[in-house]
Amino acid sequence: MPSRLGRFVLPVLVLVISTLSVLIVLQGQAGGGSNPTPKPVPALGSPTLVFTVSAPADPQAVAARLAGPGAVSYSYAEVCGMTDLRPPKFIVPLADGQRDAALERARQDPDVRDPVLSVWPCGSGL
């Protein structure tokens, strides 16, 4: 009896390990890995909005409110190499003709402080 049971343990163990390996690989391919999707890089000199966000507001949600669905906020400190910038600022690329409306929305948004128009990546105010 023990010898028959021993014949089945190894194949079952191999099957379980193989199945788990396949599931782990599939999960990694489906986006379960830790590699975030890279953000698109705006064109040099394109209009942007630079601002700080009141805690605990989400900068991506604020960007969508200011510049519409699909808007992306970037860390101004990372983009411009200012790692010691306090408070943290964010930069949101704007579509042509969107500058004035986005700035007005930013001035009225309770989660936004000190909004200014600029150009990508680290231009001066317009």
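Worth pointing out:
Residue-by-condition table, conditions (1) under 20 Å from A43 (Cα atoms); (2) touching a strand residue (DSSP E or B) at 6+ places or on another chain (Cβ under 9 Å):
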{"site": "P69", "(1), (2)": "yes, no"}
{"site": "V72", "(1), (2)": "yes, yes"}
{"site": "E78", "(1), (2)": "yes, no"}
{"site": "G81", "(1), (2)": "yes, no"}
{"site": "D84", "(1), (2)": "no, no"}
{"site": "C122", "(1), (2)": "yes, yes"}
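- In region 67-126, the residues that are open to solvent by 70 Å² or more (accessible area, probe 1.4 Å), acidic (D, E) and in a loop (DSSP other than H, G, I, E, B): D84, D96
- Where a residue in region 93-109 is among the acidic types (D, E) and its partner, wherever it lies, is open to solvent by 60 Å² or more (accessible area, probe 1.4 Å), with Cβ under 7 Å and at least six apart: D109/R65
- Residue in region 45-53 that is assigned to a loop (DSSP other than H, G, I, E, B), open to solvent by 40 Å² or more (accessible area, probe 1.4 Å), at pLDDT 85 or above and more than 14 Å from A106 (Cβ to Cβ) present: yes
The values are calculated or read from the model by the stated rules, or taken from the named source; none is laboratory data. Computed from a predicted structure; not experimentally measured. A quick note on method: Cβ atoms are made from the backbone with ideal geometry, for glycine too, and the neighbour counts reach across all protein chains shown. Keep in mind that these areas ignore ligands, DNA and RNA; they rest on the heavy atoms of the full protein, side chains included. Shrake-Rupley method; radii C 1.70, N 1.55, O 1.52, S 1.80 Å.
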